[in-house]
Amino acid sequence: MDLVSLRTASGKRLFSFLSFGWGFVSDVDITSERYRKLGSARFTVGTFQLLTSLQVYKGRLSYLPAEVQSSASNSLPPIGVNTCPSAQHPHQVSTANGKSPVNTLPQPASSLLKEDSVLEDSLLVPFEQPVPKHWTVVPEEEFVSIVGIQQSHLGTDFIMAPTAKLFDDAIHLFYVTAGISRMGMLRLFMAVEKGNQLGLNQPHVHSVPVKAFRLEPLEPKGFMTVDGEVLTCEPVQGQIHNRLARIISGS
């Protein structure tokens, strides 16, 4: 399955298998913890509570659309790059007699994660630099909710990205800009329960598959979350890494 490498302005690096969020959806997730005994119904309760005082979150959002050729800045090496040839090509093995080795299978994903320098974030540039010119910068700077998700479901009855696959090499970026009404948000969440939100005629609702993104909050407001866990509200950027993890399941 795909994993997303997330980097924060404070220097942290995290790997996400599910989602990154900021704003309404993350606030519902965290504030509804007190109703955990209700099961998945806690999200419904939390949603109605936060709809009574719909908040706006100010920030800058940029992303690299999935259909755009992936290339980072040529002026500086990408974040995490190691100039050692053996690190850049961990699967290339040679023998003393020059013959190809018998076993040329790629290393397991777990072995790649052990060496941070091998798994470079080639699409990201340092926070001190602006995003590359071929990225898209969202003109609006006021949002109600932002979610970047790799899987189809955020919960059992919360189908955030109905077309998502385990290894489709994309982050499904879903964001709602300011100006949407409380009733509009309610209709949106009712549609998400069935995965029908992409058919809504709602100008404030946007969904786009991306390879990478950067979010720069302009105020430390609300909860940021990674896979449902709270993250300090600060600038964060991330990119998808295709087929990085393996899933083992039983029947």
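Bear in mind that the values in this text are calculations on the coordinates, not laboratory data. Note that the structure is predicted; figures quoted are calculated from it, not measured. Here the Cβ is made from the backbone with ideal geometry for all residues, glycine too, and neighbour counts use every protein chain on show.
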Fewest-first ranking of 156, 177, 136, using other Cβ atoms within 10 Å as the exposure measure = 156, 136, 177
query = Using the 10 angstrom Cβ neighbour count as an exposure proxy, how do 16, 10 rank, fewest first?
reply = 10, 16
ask   = Going down the table (133/194; 37/58; 58/211; 165/221; 37/211), which pairs top 30 Å between alpha carbons?
value = 133/194; 37/58; 165/221; 37/211
ask   = How about the stretch 174-251: which trypsin sites (Lys or Arg not before Pro) there lie in a loop by DSSP and see at most 16 other Cβ atoms within 10 Å?
value = 194, 221, 243, 246
remark   = The exposure ranking of 154, 166, 18, fewest beta-carbon neighbours within 10 Å first, is 166, 18, 154
